[in-house]
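The structure appears right after this line, and notes come after that.
The values are calculated or read from the model by the stated rules, or taken from the named source; none is laboratory data. Just so you know, these numbers come straight off a predicted model, no measurement behind them. Every residue, glycine as well, gets a Cβ built from its backbone with ideal geometry; the counts of neighbours run over all protein chains shown. Heads up: the accessible areas ignore ligands, DNA and RNA and are worked out on the full protein's heavy atoms, side chains in. Shrake-Rupley method; radii C 1.70, N 1.55, O 1.52, S 1.80 Å.
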Amino acid sequence: MDSSDAAALGIVRLEKTAQEIRTMEIRGAGRIARAAAGALKGYAEALFVDDMEGFREEMKRAAEILLSTRPTAVSLSNSVAMVMRYQASDVSGARREIVKNADRFISSSLKAVDRIGEIGSKRIRSGDTVLTHCNSEAALSIIARAYRDGKDIEVIATESRPRMQGLLTIGFLEEIGISTELIVDSAVRSVINDADAVVVGADVITANGSLVNKIGTSQIALIAHEARTPFIVAAETYKFSPATIMGELVEIEERSPDEVLRDAGRYRHVRVRNPAFDVTPHQYIDVICTEAGAIPPEMSYLIIKERLGWEMND
Ligand code: RI2
C-alpha cells in the first residue's frame, strides 16, 4: 500500500469513528474522548507525508473532523488538545509524540474512572439507595465500587429519554447483581424520598463549578435540593472546561427532533425541541468526585489551573 492509499485509509477510519460519535453509537463523555484519541493516533500512524507542514495540516484536519461531532463534550476537545500537544519539528518525532499522548490519555482516563469509584464510593453507606440518571461510567464506577466493597445498596435509574441510556445502566447493574428500580424521568420527584443520594456523571464542569450533563439532570438536582438529598457528581478532571474561565458559554447540543418524535416533520404547526444536555448551577451540587479528590464545586477553577494547566490571562 503506498503512502497515499495509507493516508486515504486513515481518513476513512477516522471518519468512521467520527460518524459513530455523531450517531451516538459511541457515546458517554469518557468513551467519546478515548475514541477520538485512538482515531488521531491511528491517523498519525497511517499518515506518510514527507514534509512537516503537510503532516501538521493533515493532523489539524483530522482533529477538526472529530471536534465537529459533539459540540458540548469538553472531554472531546480536551482529549484532542492533549493528543495534539507535540513539540517535534520532524514528522517521525511528531508522530511518536502523538501516539504517546494518545496512549497516555486513554490509559489515564480509564484509571481516573476507577479512582473516582474508590473516592466517591466512600460517600455511599451500606443501606443507601442511590438515584442515577442516564448512563455514566464514572457515576456507575462509584455505585459498583460501593457494592463490591460489600455495601448493601440499591439503585433507582431513570430511563433518560429520548435515547433511553437508562436501559444501558440497568443492563450494567443487572450484570453485577445490584437491585435496581427503573423509573420514567418524570417520576423522580415521586420517588426522591426513597433515595439517600443522587450520583450522576458529567459532560462538562465549568469554571464556577456548574454541571453540564444529560438533559433532565438539572431538574433532578432541583428535586434533590428540595428533598435535602445529597447530589454527587462524578467527573474526571479532563471534563473541566478551561474555555469557561475566559467567559465562554458551553454550547448545548440540539439533536434531531426524530429522536423525540418519529417523523416529526409531518406536523405543520408543531416543532420539537431536543436539547441533549442542561446546566445544573453549582449551588445544587454537594460534591464533585474527581480522580484528584472530592471537591466542592467552588474549587473547580483550581482543577482547571492545576490539572489542566490553564491560568487566567493577565
Ligand atoms: P461518562 C453522557 O452523554 C451522559 O450525559 C453522561 O452523564 C455523560 O456523558 C458522562 O458519561 P451522552 O454521550 O463519561 O449519553 O461518565 O450524550 O460515561
So, first residue part of a helix (DSSP H, G or I) and open to solvent by 60 Å² or more (accessible area, probe 1.4 Å) in segment 272-289, second residue away from the ligand (no atom under 16 Å from the Cβ) and of a type outside the set (Ser, Thr, Tyr), Cβ within less than 6 Å, six or more apart or across chains; the pairs are 284/225
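Conditions (1) outside any helix (DSSP H, G or I); (2) of a type outside the set (D, E, K, R), marked per residue:
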| site | (1), (2) |
| --- | --- |
| 14 | no, yes |
| 20 | no, no |
| 39 | no, yes |
| 57 | no, no |
| 85 | yes, no |
Tell me the residue from 211, 249 that is at negative phi and away from the ligand (no atom under 16 Å from the Cβ), please.
249
Subset of segment 86-113 (residues that are closer than 24 Å to residue 204 by Cβ and surrounded by fewer than 17 Cβ atoms within 10 Å (Cβ to Cβ))
104, 107, 108, 110, 111
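Conditions tested, residue by residue: (1) β-branched (Val, Ile, Thr); (2) within 19 Å of residue 294 (Cβ to Cβ).
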| residue | (1), (2) |
| --- | --- |
| 212 | yes, no |
| 234 | no, yes |
| 239 | no, yes |
| 243 | no, no |
| 249 | no, no |
| 264 | no, no |
| 267 | no, no |
If I filter segment 70-85 for residues that are over 16 Å from the mean Cα position of the chain (by Cα), farther than 16 Å from residue 13 by Cβ and open to solvent by 50 Å² or more (accessible area, probe 1.4 Å), do I get at least one hit?
yes
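Per-residue answers, yes or no, for (1) open to solvent by 10 Å² or more (accessible area, probe 1.4 Å); (2) hydrophobic (A, V, I, L, M, F, W, C):
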{"position": "214", "(1), (2)": "yes, no"}
{"position": "226", "(1), (2)": "yes, no"}
{"position": "233", "(1), (2)": "no, yes"}
{"position": "248", "(1), (2)": "yes, no"}
{"position": "260", "(1), (2)": "yes, yes"}
Quick count over segment 116-162, residues being more than 13 Å from the ligand (Cβ to nearest atom), closer than 22 Å to residue 188 by Cβ, open to solvent by less than 10 Å² (accessible area, probe 1.4 Å) and of a type in the set (Gly, Ala, Ser), is 1
Residue count, segment 93-115, condition of a type in the set (Val, Ile, Thr) and within 13 Å of the ligand (Cβ to nearest atom), comes to 1
Checking the condition within 13 Å of the ligand (Cβ to nearest atom), outside the structural domain of residue 165 (by TED's automatic domain parsing) and surrounded by 15 or more Cβ atoms within 10 Å (Cβ to Cβ), which residue from 46, 33 passes?
33
